[in-house]
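Right, one structure below, let's go through it.
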Amino acid sequence: MSAAMRILLLGGTSEATTLARLVAEDTRFEPVLSLAGRTSAPAAAPVATRIGGFGGMDGLAHFLARERIAAVVDATHPFAARMSANAAAACGMAGVPLLALTRPSWQHRPDDNWIEVADMAGAAAALGTTPARVFLTIGRQELSVFAAAPQHHYVVRSIEPAKGLLASATLIRARGPFAVEDEVALMRREAIDVVVSKNAGGRATEAKIIAARKLGLPVVMVRRPDRPDVPMVETAEAALAWLIARHRSASAPPPLGGVG
Ligand code: NAP
C-alpha cells in the first residue's frame with residue numbers, strides 16, 4: 001500500500017471543516033488544517049490543526065517543503081484574497097497542485113433590490129447622506145471603513161466582539177446559521193433601512209438576503225474580490241474527488257519502457 005499523502009487544507013469556512021471531516025477517516029491522506037486564528041473558538045475539526053499566518057508567500061512555500069505537502073486545497077472564504085493569492089504563488093513556486101474550494105456566489109433575483117459595489121469603501125459611500133439604520137453583517141475587520149459615514153446608526157453582527165469600532169452602533173454577537181424568520185424579526189425590531197453584506201454565498205448566512213427580499217429592503221452587496229486562476233470546485237465532495245485523483249496519480253507505478 002502506498003504512503004499517506006500529506007495535504008494542506010486552508011480553512012476558515014464550513015466547507016473546509018466538511019472536507020476535513022471527509023479526509024479524517026481516509027487513510028490515503030494525512031491532512032493538516034490551517035486557520036488564520038481570527039476566531040477565538042473555531043469550529044472543531046477532527047484533523048491536525050495549525051493556527052496563524054505562514055509569513056507570506058515565502059513562508060508558505062517553506063511550510064510546503066518542510067512538511068512535504070503533496071497537494072493543497074484553498075478552502076478559505078471567498079473574501080480572503082491575500083491568502084488565496086499567496087497559496088497560488090507558493091504552490092506555483094513549489095510545484096504543488098492546488099485546488100480552490102469556493103462556494104457559489106448568491107445570485108441576484110428580480111425581486112431583490114441590490115446595490116452592487118466593488119469594496120467596503122464603496123459600500124459606505126453607497127449608504128448616502130441621509131441618516132439610516134444599517135444592518136452591517138460584514139465581520140469585524142473592515143468596520144472602521146464605516147466611521148467615514150457617522151450619520152448612520154449601525155446594527156453590527158459579528159462572531160467576535162466589535163466594541164468601540166463605530167461610534168453609533170448596536171452590537172450583536174452571533175454565529176450562523178441563521179433562520180429567515182429570525183432575520184426578518186431582527187430587521188423589524190431594529191427598524192433596519194438597509195443591509196450591507198459581502199457576496200459570501202452559502203446557506204449559513206443567506207437568510208439575511210432572503211429576509212431583506214421579503215421586507216423589500218435594499219442590500220448593498222459587496223462583490224467578491226478577484227481570485228487567482230486555479231482549478232476550482234464548489235463542494236467538499238468534489239474537492240475529495242480531486243484529492244483522490246491526485247493520490248491515484250501519485251501512487252501509480254511509473255510507465256514501462258524507456259530502459260533498453
Ligand atoms: P486574508 O486577508 O486573505 O489573509 C490575511 C493573512 O492572514 C494571510 O496573508 C495569512 O497570513 C493569514 N491567513 C489567512 N487565512 C489563513 C489560513 N487559513 N491559515 C493560515 N493563515 C491564514 O484573509 P482574511 O480575510 O483576513 O481571512 C482570515 C481567515 O478568516 C481565513 O481563513 C478565511 O477563510 C476566514 N474568513 C474570512 C472571512 C472574510 O470575510 N474575509 C469570512 C469568514 C471567514 P500570512 O501571510 O502570514 O501567511
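Each value in this text was obtained by applying a stated rule to the coordinates, not by laboratory testing. Owing to the predicted nature of the structure, the values given are computational and were not obtained by experimental measurement. Here the Cβ positions follow ideal geometry from the backbone for every residue, glycine too, while neighbour counts run over all protein chains shown.
Structure summary
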| quantity | calculated |
| --- | --- |
| Relative contact order [Cα under 8 Å, 6+ residues apart], the chain, whole percent | 21 percent |
| Counted charge near Thr76, where neighbours are those whose Cβ lies closer than 13 Å (Asp, Glu -1; Lys, Arg +1) | +3 |
| Built amide H within the under 5 Å cut-off of Phe135, gap 5+ | Val155, Asp193, Val194, Val195, Val196 |
| Cα-based Rg / Dmax (Å) for the stretch 24-121 | 16.4, 52 |
| Residue-count net charge about Pro225 - beta-carbon cut-off 11 Å; Lys, Arg +1, Asp, Glu -1 | +3 |
| Longest exposed-site-free window of the chain, the sites being trypsin sites (Lys or Arg not before Pro) in a DSSP loop that have at most 12 other C-beta atoms within 10 Å | 69-162 |
| Paramagnetic label zone (point 7 Å from Cα along Cα-to-C-beta, Ala238; backbone N under 20 Å) in the stretch 191-210 | 199-206 |
| Cα-centred dipole magnitude for the chain, charges only on beta-carbon of K, R (+1) and D, E (-1), debye, nearest 20 | 360 debye |
| Listed residues Thr39, Thr49, Thr17, most fluctuating in the chain (Gaussian network, C-alpha, under 10 Å) | Thr39 |
| In Hz, Karplus ³J(HN,Hα) per residue of the stretch 185-191 (6.51, -1.76, 1.60; θ = phi - 60°; x = Gly, Pro) | 4, 5, 5, 5, 4, 8, 6 |
| Net dipole in debye of the stretch 1-131 [+1 Lys, Arg Cβ; -1 Asp, Glu Cβ; about Cα centre; nearest 20] | 380 debye |
| Paramagnetic label zone (point 7 Å from Cα along Cα-to-C-beta, Ala41; backbone N under 13 Å) in the stretch 124-166 | 159-161 |
| Among Ala149, Gly164, Trp114 the positive-end extreme of the charge dipole of the chain (Cβ point charges) | Gly164 |
| Exposure proxy ranking, count of Cβ atoms within 10 Å, fewest first, for His153, His62 | His62, His153 |
| Largest-first principal axis extents, alpha carbons of the stretch 92-240, Å | 52, 31, 28 |
| Radius 11 Å from Cβ of Arg140, net charge of other residues (Lys, Arg +1; Asp, Glu -1) | +2 |
| Principal semi-axes in Å for the chain [√(5λ), Cα gyration tensor, largest first] | 40, 18, 17 |
| Average Cα contact separation per residue, the stretch 119-256, under 8 Å, 6 or more apart, as relative contact order % | 22 percent |
| Relative contact order %, the stretch 69-125, counting alpha carbon pairs below 8 Å whose residues are six or more apart | 37 percent |
| Hull volume in cubic angstrom per residue (convex hull over the Cα atoms of the stretch 82-149) | 138 Å³ |
